[in-house]
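The values are calculated or read from the model by the stated rules, or taken from the named source; none is laboratory data. As the structure is a computational prediction, the values presented were derived from the model and not from experiment. Heads up, the Cβs are rebuilt from the backbone with ideal geometry, glycines too, and the neighbour counts pull from every protein chain shown.
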Amino acid sequence: MMQLYMEETEDMLQRAEECIIRLEMEYSDLDVNELFRIAHTIKGSSHMVGYEKIGNLMHKVEDMLDCARNGSIIFDQSIVSLCFEGLDTVKKMLLYKKDQGSKEIMENLVSDAIRIKEMIEVFIRVNKKVEEKTIIKQSEPGIISSYLSKKVKGENKYYITFFFEEDIPMVSPVILMILNSAQDIGSLVYSSIGDNYFLESSCDNDIKTFEIIISTDIDENELYTYFALFYIEKINIVDLSRSKVAEKDYSFIDDDNNLYIIILKAVMKLYKIAFSMSKEFNISKEDIYIITPLHHEAVKAFSRLKNKNKIDNFITDFNEIYNDVIRLYEDGVELNQKKSNHIQTQVIKLMERAYNYTKGKYIFSIFKSQKENFISGLKDFIGLLNKSSTLILLIDLSRLTTLNENEVKDLIEIKKEIKLENIELGIIVVGPEGRRIINIFDSIKQIEEFNVFGSEIHGILGIFNSEDSFNRISERVKGIK
């Protein structure tokens, strides 16, 4: 693309010089029109490849020639001189682009371009015959707008993120190639940048990724070939087709929440059995008496869940752990540390998967604090929380570096309010600054004790490990069927 731009621009500059030589000798409408078309073309193509300084200068030359064509200024040798000076500067700037001259040379050329633009503006203003009436004119659509305005076609929809290499010399030409490829195979539905991007002189210095949504009939596996372009380090594609994303739909119906709580009851009991093994190395008859009906209820709850495909593996692993526990009890096998550790590991993995799938939707809620005014945001979040279906709330303070006295007081009050709703509270602190916040919670233990954990899953497991918290959760879910 850049090679084509250079070749075509050099050819047009040669033709422009020939027009100027003829105009120095004799005025010709044909030569003025040809010169205007050349300026217009170089302006557009320069903006497309990211050479804004050249495009802006040629825009002014184009304006001056347009005024001469429509008769609002008289064509004379001053116009010829300004055209020649402008085109000569453009030629030098292109030569610099090809040979990568010194920074000082380019700065001088940019200064020359600005000076010529200002001279043209003054020339037009001074020499206009009559003051033109102000007309509100709709600007022509830019590159992005023109693509987005086209009729959408294609059954599949993809969200694509492009990551550029660090040593990419210019981003805008690569973005244009991405857009052209997208247009070749379908329709552009969304772009993370707008038309203004191609008009900003610093556009190539501040973008590391580019995101689009396209609609197309081709499959995901074909897309990688179309977008295997120079200077793209990697690509991420998310299939947004309705048939593919339906399994992620979330229902706000309370019955769904109850089904997950029924399953949680059985998983909690498995967890309790697994961790009592390491202390007593046996499975009691009472444990089996409790877990058997809970397992039966959980199996029925699984059968009522709408999204069975996503949880098939989870159900299989859940049944396998349950069967291991029953088999160990019925066979009267003497437990040892190795066997109990194995079951504990399997239960923890199961709980981690259950948490990652349900957090924010069912049972478990997570609030991640912002660096400023996090108490205000937390209060708003709790105000919106479905307290009847939330069992555990985790507050992640990892983005903070410290807590002031008022924030600590507010957290104590929030904990008390949450406890009245029978919701268990855990604090998550991760990162290098976390030690300072942990020390703050340690210092107020005599006033109010908070459960502080190093990750979300450790928070869930820690709350289940707490006898008081486990019993309170068990009491809450006891009557749900």
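Scanning region 397-443 for residues that are closer than 12 Å to Ile382 by Cβ, assigned to a loop (DSSP other than H, G, I, E, B) and of a type in the set (Val, Ile, Thr) returns a single hit, Ile423. Restricting attention to region 431-461, the residues being of a type in the set (Val, Ile, Thr) and exposed (fewer than 15 other Cβ atoms within 10 Å of the Cβ) number 1. Among the candidates Thr316, Thr402, Thr345, Thr358, the residue that is polar (S, T, N, Q) and surrounded by 15 or more Cβ atoms within 10 Å (Cβ to Cβ) is uniquely Thr358. Here the condition is being modelled with pLDDT under 90 and in a helix (DSSP H, G or I); of His47, His59, His40, it holds for His47 alone. Within this structure, Ser72 fails the test of being polar (S, T, N, Q), assigned to a helix (DSSP H, G or I) and surrounded by 14 or more Cβ atoms within 10 Å (Cβ to Cβ). Scanning region 322-374 for residues that are within 23 Å of the chain's Cα centre (by Cα) and either in a helix (DSSP H, G or I) or at pLDDT below 85 (or both) turns up Asn356, Tyr357, Thr358, Lys361, Gln370, Lys371, Glu372, Phe374. When every residue of region 467-477 is checked against the conditions, none turns out to be in contact with an Asp or Glu (Cβ under 6 Å, 6 or more places away or on another chain) and free of Cβ contacts under 8 Å to residues at least 40 places away in the same chain.
The requirement of being buried (at least 21 other Cβ atoms within 10 Å of the Cβ) and more than 41 Å from the chain's Cα centre (by Cα) is satisfied by Met64. Does region 163-170 include one or more residues that are part of a helix (DSSP H, G or I), at pLDDT below 85, out of contact with any Lys or Arg (no Cβ under 7 Å at 6 or more places or on another chain) and surrounded by 11 or more Cβ atoms within 10 Å (Cβ to Cβ)? Within region 163-170, none of the residues are part of a helix (DSSP H, G or I), at pLDDT below 85, out of contact with any Lys or Arg (no Cβ under 7 Å at 6 or more places or on another chain) and surrounded by 11 or more Cβ atoms within 10 Å (Cβ to Cβ).
Close Cβ contacts (under 6 Å, 6 or more residues apart or on different chains) running from residues in region 430-456 that are among the β-branched types (Val, Ile, Thr) to residues that are part of a helix (DSSP H, G or I) and surrounded by 13 or more Cβ atoms within 10 Å (Cβ to Cβ) comprise Val452/Ile438; Val452/Phe441. Among the residues making up region 277-291, none is at pLDDT 85 or above and at positive phi. Can you find, within region 405-420, the residue that is nearest to Ser369 (Cα to Cα) among those that are surrounded by 14 or more Cβ atoms within 10 Å (Cβ to Cβ) and touching a strand residue (DSSP E or B) at 6+ places or on another chain (Cβ under 9 Å)? Per the criteria, the residue is Leu411. If you go through region 96-127 and keep only what is closer than 16 Å to Tyr51 by Cβ, more than 39 Å from the chain's Cα centre (by Cα) and either loosely packed, with under 13 Cβ neighbours inside 10 Å or without any contact (Cβ under 8 Å) to a residue 12 or more places away in the chain (or both), you end up with just Ile105. The residue list Ala274, Ala266 contains one member that is at pLDDT 85 or above, among the small types (Gly, Ala, Ser), closer than 25 Å to Ile463 by Cβ and surrounded by 16 or more Cβ atoms within 10 Å (Cβ to Cβ), which is Ala266. Selection of region 1-37 for residues being over 25 Å from Phe230 (Cα atoms) and either in the same structural domain as Pro173 (by TED's automatic domain parsing) or outside any helix (DSSP H, G or I) (or both) yields Glu26, Tyr27, Ser28.
The set of residues in region 329-384 being without any contact (Cβ under 8 Å) to a residue 24 or more places away in the chain and more than 30 Å from Ser276 (Cα to Cα) consists of Glu372, Asn373, Ser376, Gly377, Asp380, Phe381, Gly383, Leu384. Within region 369-412, the set of residues being closer than 17 Å to Asn439 by Cβ, in contact with an Asp or Glu (Cβ under 9 Å, 6 or more places away or on another chain) and of a type in the set (S, T, N, Q) comprises Ser398, Thr401, Thr402.
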